[in-house]
Amino acid sequence: MLDSPTEIARDDRRHVPKDGTPGLDLDWRALWVIFWRHKRRFLVFAILCPLGAGLAVWQTTPVYTAVGTLIYEPSEYKARELQSLVRSDPITEATMATQAEILQSLHIAQKVAERRQLALNPEFNAALRPPPIWRRLLPETPAPSIVGPSPDPAIDAMLLTVQAALHARPVRFSHAIEVTFTAQDPVLAAAAVNDAMDVYIKDQFGAKARLVHNATNLLRSRATQLRDETRRAEDAIATYRARHQLFQGIHGPSDAEQISHLTEDLIRARGELAQADAKRDAARGQAGSAALAAVAPSVVQLRGQRDQLMAQAQAQQSRLGANHPAAEALRRQTEDAQHAVAAETARVMTATSADQRIAAERVAVLEANLRTARDDADRAAQAQTALNAMTRDAEALRTELQAVLDRLQQTAQQSAVETAEAHEISQALPPGRPSAPHVALDLAAGLAAGLMLGLIAVYLAHLTDRTISSGADMEALTALPCFALIPEIDRRTRGRVPLEELAIRRPLTAFAEQIRTLRVGLWLGAQRPKIVAIAAAQPGEGKTALTLALGRAARAGGERVLLIECDLRQPKFAQIMAAEPSPGLVDILRGDAALAETLRADPLTGLDFIPAGQAANDVLDLFLSAAMGRLLDSERQDYDLVLLDTPPLEALSEARAIAAVADSTLLCVRWRDTPRLVVRRMVDQLRESQAHLIGTVLTRVDPRAHVRSGYPDAGVYHRRYRSYFRG
C-alpha cells in the first residue's frame, strides 16, 4: 500500500531510465507531489497565521519594560552570637535565586501597588475596565454570602497582575540582580522598578535591625539573669563555708595542718615509748650489759662491787674456811652489796616503768587525737566536695556572664555599623521603546508558525489519506494498468445531457476522450477480450454509467455491443434507457424466456442490452449455473464486445462468480473515496476467484483538484489542452 512519500518515490524508481537518473530527485519529486496536492491546506495556515499575528500586533497595546539593577553584597562584620540570626551564607546561585524570588514576591508587589496607587489604574485593576460584551449579555450572578471577613477579589487580582508585571533575575557570574517592570506607561514602569528595589532594600535593612535589636534585648535580659544567679551562687558558697566551718590556712586547710602536727607528735611519742621500753627491759636485765650500763650505770657499778666481794669471799672461804671471821666479814659485805644492788635495781625499774607508762599514755592520746582529726578531715572532705561543685557552678556563671557582656558590647558596635546587604547600582529610567509587541519578531513567528503548521497539515493529510489519488497510486497498489481517469461532470456543466450519453452527444469533451482512452487500453492488449465484467468494490463508484458510456462509445465506433445487467438487486438499465418492463437475464438463466425475447435496443446508439429481469432469491445459483456459461458462449459468437454490469464486490458474492466466467474483469475505483484496503481486498478476492483482471479505471475524478495535485497523469486535465476539448 502506498502510504508515504518514500513508497511513492520507490514506485517511481521502477520508471527510472537506464541512463542512471538519480533516485534522490524522484524522492524530492514525490514529496513535491504530496505538497502540491495538499497545497491549499498549507496556504490556509501560511496565510492565516501571519494575518492573525499581524491582527494581534495591531490590536495589542504597546507596553514598556523598565530595567533596574542592584547588587547583593552581605557585610563581613558579624558578631558571634548573631551568626545564627543574621549570618550571611556564602553567595551561591541558590542564594541569588532566592533573593530574586523575594524581589518579585507578592509582598513587594503590594508595596509597589500602594506607593503608585495601582488599584486606581485600569491597566492593573480589571474591575475599573469596562466588562466585555459577552459578560454584559449574561445576567449578573449574586455574590455568595461569606461568613467572616469578606475578601476583595478585585484587589487580589490587581496584586497578582502587579506581581506578574514585576520580574527579577540574577545576572549570571555576578552578584547583581536585574529588576524589570512592564506597564503601558514608561514612567510608571521605571518608578515601579525603583520602588521595588527601594522596598526590598529597606525591608532587608529593617529585618536585620530588628534582629539586632531583638538580640540586644535578649543579651541584656540574659546578663541580668546571670548577674542574679552569680550573686546567689556566691552567697550560697559563703553560707555553706560558714555552716561547715570550711576555712583555708596559709599553706592549706586547718584539718590537714592538724593531722600533720599530730602525726609528727605521734611519731616522736612512739620513739620516746620505744626508748622507755628499752630502758625498762635493760633495767629488768632483759637487755645486754651495755644497754644496762647506759640506762642504770649505778646498778652496773653496784653489781661490779658485789661480784668483786663475792669473789673475795669465796677466796677467803676456800683459804681460811667458812667460819673464819674474815670470811664471815666478806660474806656480810657481799650480802649488803646484794641488797644495795636489789634496791638500786628496784629504784631504776620504778623510774623506767614510770617513763614507759607516760610515753605509752602519750602515744595513746596522740593516736586518739589523730583518729579524731582524720574523722574530722573526712567529714570536711565530703563537705568540700559539695563546696567544689558550688564553686565550679559559680565560676561557670561568672564566665558566661563575662561572655554575654562581651557579646552585648559587640552587638552594640554592630548595630552602629550595620548596613543593608543590597544596594542599587543602576536605577531604572523610562524606556524609550516599547518592549512589546515586537512587530517584526511576532510577524516572523506567525509566518514561521504558519509554514510549520501548514507542513504539518500537509503531512497529516497525507498520513490520513487512505484513498487512491492517481493512476500511479492505482498501479502501485494493484500491479495492474490504470486505463483511464474518468472525470466527474457536474449537472451545470453537462446541462440536460445524462452522463451515460455525454460521450455520444459531446464526443469532444474530456469525458468522451477518457472513454476512448479506456477503449484503447482494452483493445490494444495482447489478447483482445470479448466479454468484460465491469466490477466495483462499493456502490456509487460510477460502474453502471461507465458500462453504458463504454458500450455506447464502442457501438458508435461500429462494433457489435451487448450490455448484460448482472446487478439483479439494483437494476437501472430499463430506467436509464427508457425500456418497458420485460423478461431479462433471470428469465434466460431459469429457462423461462429465450434470448430473443429479452434483447432490447438502445434508442440512442442501437446497441443491444439485456435487462436484469424479475427479482430472484437464488441469484448466486443462477450465475454459477451452466446456463450462464452457455449464454456467454453464444454471445461471444454474435458480438464483438459484451459488457457485464456486476453488483458491488464488497457486499455481494455473485460479483465474483460473474468475474470468474468473463474473459476479463475491469475494476472501477472511485477517485479519493474508495479506501486502499478495500481495493486490495477486492483484487485479492477476484484473483482467488480465478478472475482475469486486465486493468483498473479511476472514476469520478475532479479535474481541477487532480490538476492541482501535481501527479504526472493530471496533465490530461491541464488548461493547455482546453482547446482540444469542447463542451
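The values are calculated or read from the model by the stated rules, or taken from the named source; none is laboratory data. Quick caveat: nothing in here was measured; it's all calculated off a predicted structure. Cβ sites come from the backbone with ideal geometry, for glycine too, and all protein chains shown count toward neighbours.
Miscellaneous remarks
- Spans of helices (runs of 4 or more DSSP H) in the stretch 416-517 with at least 2 residues assigned by TED's automatic domain parsing to the domain that holds GLY710 and over 30 Å from ARG687 (Cβ atoms): 491-494, 502-505
- Residue within the stretch 194-203 that is touching a Phe, Trp or Tyr at 6+ places or on another chain (Cβ under 6 Å) and not aromatic (Phe, Trp, Tyr) present: no
- The stretch 74-125, subset assigned to a loop (DSSP other than H, G, I, E, B) and among the small types (Gly, Ala, Ser), residue modelled with the lowest pLDDT: ALA79
- First in the stretch 533-545 and touching a residue at least 40 places away in the same chain (Cβ under 8 Å) and in the same structural domain as GLN685 (by TED's automatic domain parsing), second anywhere and surrounded by 21 or more Cβ atoms within 10 Å (Cβ to Cβ) and small (Gly, Ala, Ser), Cβ under 7 Å, 6 or more apart: ALA533/ALA659; ALA533/ALA662; ALA535/ALA655; ALA535/ALA659; LYS543/ALA536
- Boolean, ALA326 is in the same structural domain as LEU302 (by TED's automatic domain parsing) and in contact with a helix residue (DSSP H, G or I) (Cβ under 6 Å, 6 or more places away or on another chain): yes
- Which listed residue is out of contact with any Asp or Glu (no Cβ under 7 Å at 6 or more places or on another chain) and more than 25 Å from ALA479 (Cβ to Cβ), from ALA612, ALA626: ALA626
- Which listed residue, of GLU654, GLU635, is surrounded by fewer than 21 Cβ atoms within 10 Å (Cβ to Cβ), within 15 Å of VAL532 (Cα to Cα) and charged (D, E, K, R): GLU635
- Only listed residue being under 34 Å from the mean Cα position of the chain (by Cα) and part of a helix (DSSP H, G or I), chosen from GLN225, GLN204: GLN204
Residue-wise test of (1) among the β-branched types (Val, Ile, Thr); (2) in a helix (DSSP H, G or I); (3) within 30 Å of GLY271 (Cβ to Cβ).
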{"site": "GLN314", "(1), (2), (3)": "no, yes, no"}
{"site": "ALA322", "(1), (2), (3)": "no, no, no"}
{"site": "ALA329", "(1), (2), (3)": "no, yes, no"}
{"site": "GLN333", "(1), (2), (3)": "no, yes, no"}
{"site": "ASP336", "(1), (2), (3)": "no, yes, no"}
{"site": "VAL341", "(1), (2), (3)": "yes, yes, no"}
{"site": "GLU344", "(1), (2), (3)": "no, yes, yes"}
{"site": "VAL348", "(1), (2), (3)": "yes, yes, yes"}
{"site": "THR352", "(1), (2), (3)": "yes, yes, yes"}
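- Residue match in the stretch 247-265 (condition: out of contact with any strand residue (DSSP E or B) (no Cβ under 8 Å at 6 or more places or on another chain), at pLDDT 75 or above and among the hydrophobic types (A, V, I, L, M, F, W, C)): yes
- In this entry, ALA192 is excluded by the filter for residues that are within 30 Å of ALA109 (Cα to Cα), out of contact with any Pro (no Cβ under 8 Å at 6 or more places or on another chain), among the aliphatic types (A, V, I, L, M) and without any contact (Cβ under 8 Å) to a residue 12 or more places away in the chain.
- Taking the stretch 351-397 as the range and being buried (at least 16 other Cβ atoms within 10 Å of the Cβ), more than 21 Å from GLN245 (Cβ to Cβ) and either of a type in the set (Lys, Arg) or under 60 Å from the mean Cα position of the chain (by Cα) (or both) as the test, the residues that pass are ARG362, LEU397.
- Residue match in the stretch 613-620 (condition: buried (at least 16 other Cβ atoms within 10 Å of the Cβ), of a type in the set (Val, Ile, Thr), assigned by TED's automatic domain parsing to the domain that holds ALA553 and modelled with pLDDT of 90 or more): no
- Checklist (1) farther than 30 Å from ALA215 by Cα; (2) touching a residue at least 60 places away in the same chain (Cβ under 8 Å); (3) surrounded by 15 or more Cβ atoms within 10 Å (Cβ to Cβ) applied to ARG433, failing item: (3)
- Qualifying residue in the stretch 183-203 (condition: closer than 30 Å to ALA94 by Cβ, modelled with pLDDT under 85 and not hydrophobic (A, V, I, L, M, F, W, C)): no
- Note on the stretch 217-229: residues that are surrounded by fewer than 19 Cβ atoms within 10 Å (Cβ to Cβ) and either more than 25 Å from GLN413 (Cα to Cα) or in contact with a helix residue (DSSP H, G or I) (Cβ under 8 Å, 6 or more places away or on another chain) (or both) amount to 6.
- Test: residue in the stretch 61-73 that is hydroxyl-bearing (Ser, Thr, Tyr), in contact with a helix residue (DSSP H, G or I) (Cβ under 6 Å, 6 or more places away or on another chain) and modelled with pLDDT of 50 or more: yes
- Among the candidates ALA396, ALA428, the residue that is at pLDDT 80 or above and in contact with a Gly (Cβ under 6 Å, 6 or more places away or on another chain) is uniquely ALA428.
- Condition met for THR605 (in a helix (DSSP H, G or I) and either hydroxyl-bearing (Ser, Thr, Tyr) or not assigned by TED's automatic domain parsing to the domain that holds GLN685 (or both)): no
- Residue ID - nearest to ARG672 (Cα to Cα), chosen from residues in the stretch 487-504 that are touching a residue at least 24 places away in the same chain (Cβ under 8 Å) and out of contact with any Pro (no Cβ under 9 Å at 6 or more places or on another chain): LEU499
- Pick from the stretch 312-350, criterion closer than 25 Å to ALA274 by Cα and in contact (Cβ under 8 Å) with a residue 40 or more places away in the chain, ranking: surrounded by the most Cβ atoms within 10 Å (Cβ to Cβ): VAL348
- Against the test of being more than 30 Å from ALA215 (Cα to Cα), among the hydrophobic types (A, V, I, L, M, F, W, C) and in contact with a Gly (Cβ under 7 Å, 6 or more places away or on another chain), the options LEU480, LEU453, LEU447 yield a single qualifying residue, LEU480.
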